[in-house]
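Structure first, commentary second.
The values are calculated or read from the model by the stated rules, or taken from the named source; none is laboratory data. Please read these numbers as outputs of a predicted model, since none were measured by experiment. Cβ atoms come from the backbone with ideal geometry, glycine included; neighbour counts cover every protein chain shown. We work out accessible area using only protein heavy atoms, side chains counted, and drop any ligands, DNA or RNA first. Shrake-Rupley method; radii C 1.70, N 1.55, O 1.52, S 1.80 Å.
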Amino acid sequence: MDQKRIGAFIAQCRKEKNLTQMQLAERLEITSQAVSKWENGRGMPDVSLLQPLCDVLGISLNELFSGEHISAEEYKGKAEENISNLFKEKQIANLKPVKYLFSVCANVTLFVAVTELAVGLVGNFFSSTILKPVLINVSVWLILFLASMGKLAYDRKKLKNLKHSGACMDSEIEDMIPAAWIRVANYTSCRIVCRFIYEGKEYKAVSNYFVLSPFTRKEDLYANVYIAKDNPAKYSVELFQTGR
């Protein structure tokens, strides 16, 4: 469920009823801060408040979860979509996210840079010739750290935007493409190939690199593919793994 969209819809319906946040809060016997939190997309109403909230706002649970008013013709389709999304969110809650390669790279390169700098500063007390080559190495590691952080920030922003304005597709993991030349300790890096259908046409999505154990099978993985509604070729893959 899109919390920001639902929050904006709660605010819209509240204003349509000419209610302030305080008045809505009083009817639900909660604080106005809680209402503000919902409307800003920073939280969801407690399960016990869902039906009372809908009653006050004059909407259905289906409309609340959809974040929009629904016509009679759309009602059944939206209900099925919301049930599917709730089931998917419950399924994901029992999984753990797989580490993204550039997240690991950022942590490793920063750790190495700080360690080398500390060693160089200590070594400088014993020999003044040690510090200069160490600083060169530290500079290289910091450049790698900044490059990793830049890539990580770009991919996270892209995923966040597609989650907000795109569509989440049911996908099937078709293959795992290992990169033998990228290893983190005993772990390997893989790209995941997913297949999904959008508007009757089949597409494939190839993820960025994720860090997996050498014993991971594709049956142990679950992928969410987020696409731009007007351009399915623009996508981002979020990967999860069973906790077994």
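State whether the residues of the range 143-151 include one that is of a type outside the set (Asp, Glu), assigned to a strand (DSSP E or B) and touching a Phe, Trp or Tyr at 6+ places or on another chain (Cβ under 8 Å).
So the first thing to find is which residues in the range 143-151 are of a type outside the set (Asp, Glu), and the list is 143-151.
Of the ones still in play, those that are also assigned to a strand (DSSP E or B) are none.
No, there is no match, as no residue in the range 143-151 is of a type outside the set (Asp, Glu), assigned to a strand (DSSP E or B) and touching a Phe, Trp or Tyr at 6+ places or on another chain (Cβ under 8 Å).
Looking only at the range 198-222, count every residue that is under 23 Å from SER148 (Cα atoms) and part of a strand (DSSP E or B) and tell me the total.
Adding up the residues that qualify gives 5.
Mind telling me which of the residues SER171, SER236 ends up being over 26 Å from ASN107 (Cα atoms), in contact with a strand residue (DSSP E or B) (Cβ under 7 Å, 6 or more places away or on another chain) and polar (S, T, N, Q)? First the steps, then the outcome.
On the way: SER236 fails: over 26 Å from ASN107 (Cα atoms).
Result: SER171 is the single residue among SER171, SER236 that is over 26 Å from ASN107 (Cα atoms), in contact with a strand residue (DSSP E or B) (Cβ under 7 Å, 6 or more places away or on another chain) and polar (S, T, N, Q).
Within the range 10-27, count every residue that is in contact with a helix residue (DSSP H, G or I) (Cβ under 6 Å, 6 or more places away or on another chain) and open to solvent by less than 30 Å² (accessible area, probe 1.4 Å).
Number satisfying all stated conditions: 6.
Report, by residue number, each residue of the range 221-241 that is in contact with a Lys or Arg (Cβ under 8 Å, 6 or more places away or on another chain) and surrounded by fewer than 17 Cβ atoms within 10 Å (Cβ to Cβ).
ALA228
Considering only residues that are open to solvent by 60 Å² or more (accessible area, probe 1.4 Å) and in contact (Cβ under 8 Å) with a residue 12 or more places away in the chain, which ones fall in the range 134-157?
Selection gives LEU135, ASN137, TRP141, LEU142, LEU144, MET149, LYS151.
Could you count how many residues in the range 155-175 are assigned to a helix (DSSP H, G or I) and within 17 Å of VAL206 (Cα to Cα)? Step through it out loud before you land on a result.
From the range 155-175, those assigned to a helix (DSSP H, G or I) are 155-165; that's our starting set.
Okay, now just the ones that are also within 17 Å of VAL206 (Cα to Cα), so 155-156, 158-159, 162.
Number satisfying all stated conditions: 5.
Give the residue that is modelled with the lowest pLDDT, with candidates limited to residues of the range 195-217 that are over 17 Å from the mean Cα position of the chain (by Cα) and open to solvent by less than 30 Å² (accessible area, probe 1.4 Å).
The qualifying residue modelled with the lowest pLDDT is THR216.
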